[in-house]
Amino acid sequence: MHVSLAKYKETFHFSVNFYSLFLLFTFIPDIIHTDSVTFKYAFWGIKLLLACWVIFNLKKGNKRFFSGLENLFILLFFIYAADIYIDVFLHPLPALAKTNGLMDFIGFCLILAIALSFRYDPAFHSEKSFRFFLITLTVGLVIAYFMATQNLTLDVGNIRYDANSNVNSINYGQMGCALAIVSIFGITAYQKKMQKLFFLITLLVGLLSIAKAGSRSPLVVLALVTFFFFVARMGFIKALFITLVSAVLFIVFLHSIEALLNSLGSSLTARVESAVNDNESSGRNDIWSNALNIIKSSPITGKYYIIPYGEGVGGYPHNFFLEVFMATGLLGGIPFVALIFIGLYRSFRLLKAQHPSSWIVLLFLQMIVFGSFSTGLYSSQDLWALLFFVCSINMYNLKESKKILIEQRGNSSHVFA
């Protein structure tokens, strides 16, 4: 079957690069009992070829120059790439912090192609794209719920679950969080009762996935992103009221929720209790403190792209902002902070205007919150690509966005019905 570029962008491009198809793809090596690394690299190769296809045709068909924000993004990216190159090839990391630097550098450079392929195009947030992403991610998470394997390396006392050999418990939980976030968007954006029922079901799948994974970060991400969304759409007072009512209901039904999670074999309640009662942060406080000291030792140009010594040696600081200042100092830290805050401002305006890209904007916000206490910036394709996407949106035609949204949904009344 021939798939044109227009059809690919309108339906598949987003799902190829974010969560859903990757999750489905990573079940294959576990099912046929073969090496998962080969499949992971094969998937990356496919993504890269498809991204180059999109970029090549964008160059031919779009004469628009890069905007100031897009140029700032590219400048920041090359500053970060230069830092990794220096750390890997010119000023090698200390022996205790050794990692696969060559692969880190190559992987980071490839992220630029993925990001550039997400220069704004209405096709990326089309109804077909949204529907395909939602359905494939739901299917993947349902499979993961039944095929998940125990992860005994992170916390022996409170078992967490990996979705499969390539998707650990943290990413598994964030995939469930992504589904929950876009489901909440669907509940608010679609009017038919059957549509809302469908989104309630996918929301339940997302929440069950979070519970199964046993990772705490998706709960924080879901709460903060949802609150931001409600403030943008309804105003602060209404958003605060909904949040308070939800909090009261949660407290009232807390014991029932705990009993349900325990019956599912989830360790989530135990891990949340340890965080609240014992201030347990999986060592993040010590890692952040060490990262701050490293930043102070080289504040202008940065030190290394991973922690070179001390607590968390050989890993990332579990915070995007600490990581960018540790790696690039003020040279890269200032442009990164500027881009993030501009991205947040743009996100608020896009959500308030009910722009058709709102569901993608919410996933961008997810990555910002998630990156505040987990995952690494140098390896985060999702953050870099979505940041470029948001920075490349033309903000001058927001008045037309709601009209476009209504027309799209009017022409796709069968969707989720």
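Structural remarks
- Cross-link check: pairs 40/212; 196/352; 47/196; 128/192 evaluated at a Cα-Cα cut-off of 28 Å; pairs beyond the cut-off: 47/196.
- Stokes-Einstein D in µm²/s, Kirkwood radius over Cα pairs - the chain at 25 °C with 0.890 mPa s viscosity: 110 µm²/s
- GNM flexibility winner over the chain from 135, 342, 237 (Cα, springs under 10 Å): 237
- Neighbour net charge for residue 376 - beta-carbon separation under 10 angstrom, K R +1, D E -1: -2
- Whole-number percent relative contact order across segment 313-396, with pairs defined as alpha carbons under 8 Å at least 6 apart: 42 percent
- Contact order normalised by residue count of segment 143-263, Cα under 8 Å, 6+ apart, percent: 22 percent
- A crude spin-label estimate for the pair residue 379 and residue 139, with each label 7 Å from Cα along the Cβ direction, gives 2.8 nm.
- Across segment 1-148, C-alpha contacts under 8 Å between residues 6 or more apart give a mean separation that, scaled by the residue count, equals a relative contact order of 50 percent.
- Among 243-252, 196-205, 222-231, 170-179, sorting by the average number of other beta carbon atoms lying within 10 angstrom of each residue, highest first, gives 170-179, 222-231, 196-205, 243-252.
Bear in mind that the values in this text are calculations on the coordinates, not laboratory data. In this text, all values refer to a predicted model and were calculated from it rather than measured experimentally. Positions of Cβ are backbone-derived with ideal geometry, glycine not excepted, and every protein chain shown enters the neighbour counts.
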